[in-house]
Structure formats: C-alpha cells, structure tokens
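This report concerns only the one structure given below.
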Amino acid sequence: MAVDAADSRRSRWQPIPHSLPSKVSFPSGSIDQGRQRGGIESAIPRPLQADTSTDFLIIGAGFSGLVIAERLASAGWKCAVVDRRAHFGGNAHDRIDPAGVLIHPYGPHYFRTNSPRIVDYLSRFTAWHEVSYKINSHTRGRYWSFPINLNTFEEYLGRASTSEEFSTWLEQTRVPIDNPQNSEEVIISQVGRELYELFFEGYTLKQWKRHPRELDASVCGRIPVRTNRDDRYLSETFQALPANGYTAMFENLLAATPGIDLRLGMDFKEAKARWNCKHLVFTGAIDEYYERRFGPLPYRSLRFEHESFDAEQLRRRDAISGKSGFWQPAMQVNYPDAETPFTRIVEIKHATGQNIAASTILREFPKDWTPADEPFYPVPAPAARAAYQRYAALAVNEPNTSFIGRLATYRYYNMDQVTAMALTEADKLLARYGSP
Ligand SMILES: Cc1cc2nc3c(=O)[nH]c(=O)nc-3n(C[C@H](O)[C@H](O)[C@H](O)COP(=O)(O)OP(=O)(O)OC[C@H]3O[C@@H](n4cnc5c(N)ncnc54)[C@H](O)[C@@H]3O)c2cc1C
C-alpha cells in the first residue's frame, strides 16, 4: 500500500501549492465567509451567468461529489459542482483555527480503509501521515484504555493480568447469544453486561437518543474487543490522514481537474433553475430532494464547542495529558456517563501531528435534528430504514439522476466507502455516456 512515511513527513505542514482550482465561484456577498483555508482564498470570485448548460450537475462538494466530478471531468465532460456551504470537502472539511491549529470542525475524521484501490486513487492528490488512532474512555472519575483490551481488563481488576485470564473471564461473563440482532446483544455477547454498561450503554443513549436495543448490531459491533494489548481504535489495514489535511487534498484534486465549475454558497433549488444538464448527481439528503413528501427521515445532529489553549495553559495539563503540549491523554476521550452532556472530547493534534505549541479541543454534544440543523447521522435502525425505502423506491424511477453518498443513500458510510461508491457510479456513467 502506497504510504511513503518519509515522504509524508517531508511534505507535512508545507504551504499548500496554490495552483488555481478548476473554476470556483461564490454568489456576491459570500466572499468574506469564504475567506478561510479551503481553496477559497485562492479562488477568483466572478459573477454568475444567468443560464448555463453543463453535462453533469453535481449537488454536494464532499467526498462523493468531488470524486465523481474528478472522474467525469477527467474523461472530458463538463461538470458543475454546487454546494450550499461556503467551503468544499463536506463534513470532512478541515481548516486552521484562530489559534493556528488544524481542526476538523464537523467532528474528527479518521481515514481508514482495507481497500488498496481507494488508497491508490486518493494518493494522486495527497501524501499520507500514518496514524495509530488511540482513544480513551472517561468514567468513574478516571481514564480507561479503550476499545476494550487487556489493559482495560487490568484497569478493571486493579492488578496485572494475562490474555489467557481475560479470555477465560470473557467466556464466563459474556451472555451467550448466537446471532446478535442489535447493538446491546452484540456487546453483551462479547463482554457481558457490566463492561457494556460501563462503556457502551450511556454513550449510545446520548449519541442516538435510542437504546442500543433499538439500533442495528453494526453501530456498536464495529468497535473491536481484543484480549491482547492492541489498543488501536480501528482495525483496518490502512490508517492515515492526508498529510496536509482533507482540504489540501481536495484543493489538489480541483487543481488537477480542469473542467469542474465549482459553485459554493448555492443551493440545489437555485442550481436546478440555472443549469440544464444531461445527468444530475445528487449527494444531499434524499428526503430533501423529494421535498419530504413522506415526512422527514430521522437524523441525529451535533453541536460542537471548540476551546483553544496556549503553551502556558497546556503546561498546567501536563500531569493529566502525560504529553507536553496536549490537553488530554489521547486524540479522543469518550464520556459514557449520562450526567456528562457531551459524548466525547477530541484533540485532533494528537492525530495530525501538527508541530504547534497551542492546541484545540472539540466537545461534541448530540442533539435532535430539525430542518435547521446539519443532518450529520442517518439513524441506523430498522424503522428509519423502512422510511428511507419509500424515497428509494422513487429514486429508482429517475434514470437521469444518480443518488450517491451518505445522505442520498441514507447509510452510515465512512469516507472510503463513499469514495468507492463515487468511483463505481462514475464507471457506470462513463459506460453509459461514453466520452464527449
Ligand atoms: C461527526 C462525524 C464524524 C465522522 N467521522 C468519520 C471518520 O472518522 N472516518 C470516516 O471514514 N468517516 C467519518 N464520517 C463520515 C464522513 O463524514 C462521510 O463518509 C463523508 O463525509 C460522506 O461524504 P459525502 O460527500 O457523501 O457527504 P457530505 O460530506 O455530507 O457532503 C455532502 C455535501 O452536500 C452539500 N449539500 C447537501 N444538500 C445540499 C443542497 N440541497 N444544495 C447544495 N448542497 C447540498 C452539503 O453542504 C455537503 O457539503 C463522520 C461523519 C460525521 C458526521
């Protein structure tokens, strides 16, 4: 797999090459909003033309929209990409905050995959910074090693142990369930009720406002349980962040792809009125596309609180973080207790490896979704999926519209999975339309 660590280290925190992206525009009045890292400061604002035709109109400039645009434009098709936000990158967008720290403003985005095809494709636009993602849990007044591993078991016992003892304990403690049907069953069948209640139940209730019993087994089941000392958060073979961040990676994608006309600060409705197109690619929420005619689909949203600290403030945290220049001991600390209103605190500098004295933390507060909020999470539960199926049934009757990405397919997909989906859909469209 193509990670050149030495090359990644060389290229980190270098100025981003400022070749002009394909063509980027904002509606008048939106430029101040756009003056942030995100390719936007390098764009030349220009007035919108009244009526335009394009081959592909793509709604959403996140992973799905930009990857499919790159594939189609590289084949010679004209692509207009529209996003209502003032930046590209979707929820994976990152930027430098006022303290100078590279942050993930929509929550931490840990890139990982088992697919060499996805790594090869994205490596055209970025070098990588390898990361061993480490997290902790904080409950009963202390930090715990997490996901559950031999260290966690020793913390629980208050003494040294072995993998053999832990395996035996798990065998005796776990609730035997052959085919776990939901998130509660999947965890108690692995670790028993006490560790489930300690680390999973409260966290899941806060995050989803649903009991783990009501959620698909995959929600909690994706978190590994290990009897050795492997305390990595994730298990995929490739775990790395774009060396200069996601925004820089997308800037490179846009710079390498003439033929993408990117319009930020523009909504789908306005875009539809402006462009005639051969084919529409929609990566927004599918219920919004259909004007919620069957009612809104359920989503969970988030509120984020950022707090930055200078070197002196961080020095006073040394005893807690155990690492000079940091606020907490790990990139992410989960707070499963019901009385803590947030679910996790993320200090992304642990993962980015940015060499800077300051640091910024992000507290994540789950909240009910309303149409005024970002629909961050489709709800992975049977009733929500059934509601989605009514919209999906409409979508199959639209041969000239592709619905891809997390929101348009209402699936709890990661970045590598939506990249794969966009590449596959691009292949299908190129097979259907050929080249211009
Ligand atoms: C808090 C959080 C943490 C995550 N952590 C990880 C992680 O660690 N690892 C991982 O692999 N994945 C993670 N993900 C998932 C990751 O964000 C998605 O897989 C990925 O961003 C999906 O890309 P997308 O293009 O499908 O959607 P998005 O990134 O949501 O992009 C869609 C874009 O469409 C725009 N849009 C929507 N509707 C309209 C409209 N009507 N008009 C104009 N524009 C519109 C939006 O503004 C948005 O920019 C996380 C997601 C969240 C919310």
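State whether one or more residues within region 411-429 are out of contact with any Pro (no Cβ under 7 Å at 6 or more places or on another chain), within 16 Å of F294 (Cβ to Cβ) and in contact (Cβ under 8 Å) with a residue 24 or more places away in the chain. For region 411-429, residues out of contact with any Pro (no Cβ under 7 Å at 6 or more places or on another chain), within 16 Å of F294 (Cβ to Cβ) and in contact (Cβ under 8 Å) with a residue 24 or more places away in the chain: absent.
Listed by first and then second residue, the pairs with beta-carbon distance under 8 Å, at least 6 apart or on different chains, first residue in region 72-99 and under 13 Å from L254 (Cα atoms), second within 15 Å of the ligand (Cβ to nearest atom) and among the acidic types (D, E), are C79/D261; A80/D261; V81/D261. One residue stands out in region 256-267 among those that are within 21 Å of W77 (Cβ to Cβ) and out of contact with any Leu (no Cβ under 7 Å at 6 or more places or on another chain): the one that is surrounded by the fewest Cβ atoms within 10 Å (Cβ to Cβ), namely P258. One residue stands out among those in region 208-254 that are of a type in the set (V, I, T) and in contact with a helix residue (DSSP H, G or I) (Cβ under 6 Å, 6 or more places away or on another chain): the one that is surrounded by the fewest Cβ atoms within 10 Å (Cβ to Cβ), which is V225. Here K269 passes the criteria (1) part of a loop (DSSP other than H, G, I, E, B); (2) more than 18 Å from the chain's Cα centre (by Cα); (3) not hydrophobic (A, V, I, L, M, F, W, C) except the one numbered (1). For region 71-101, the tally of residues that are more than 10 Å from the ligand (Cβ to nearest atom), under 21 Å from R112 (Cα atoms) and assigned to a helix (DSSP H, G or I) stands at 0. Taken over region 152-195, the residue count meeting the criterion of being of a type outside the set (S, T, Y), closer than 26 Å to R142 by Cα and surrounded by 14 or more Cβ atoms within 10 Å (Cβ to Cβ) is 17.
The rows are residues; the columns are (1) touching a helix residue (DSSP H, G or I) at 6+ places or on another chain (Cβ under 8 Å); (2) among the basic types (K, R); (3) within 13 Å of the ligand (Cβ to nearest atom).
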{"residue": "F365", "(1), (2), (3)": "no, no, yes"}
{"residue": "P378", "(1), (2), (3)": "yes, no, yes"}
{"residue": "Y391", "(1), (2), (3)": "yes, no, no"}
{"residue": "L430", "(1), (2), (3)": "yes, no, no"}
{"residue": "P436", "(1), (2), (3)": "no, no, no"}
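Considering region 396-420, the residues that are of a type in the set (A, V, I, L, M) and more than 8 Å from the ligand (Cβ to nearest atom) include one that is surrounded by the fewest Cβ atoms within 10 Å (Cβ to Cβ), namely V396. Every test in (1) within 8 Å of the ligand (Cβ to nearest atom); (2) in a strand (DSSP E or B) is passed by N276 save one, and that test is (1).
Throughout, read-outs are computed from the coordinates displayed, never taken from laboratory work. Quick caveat: nothing in here was measured; it's all calculated off a predicted structure. With ideal geometry, Cβ positions are generated from the backbone for all residues, glycine too; neighbour counts draw on all protein chains shown.
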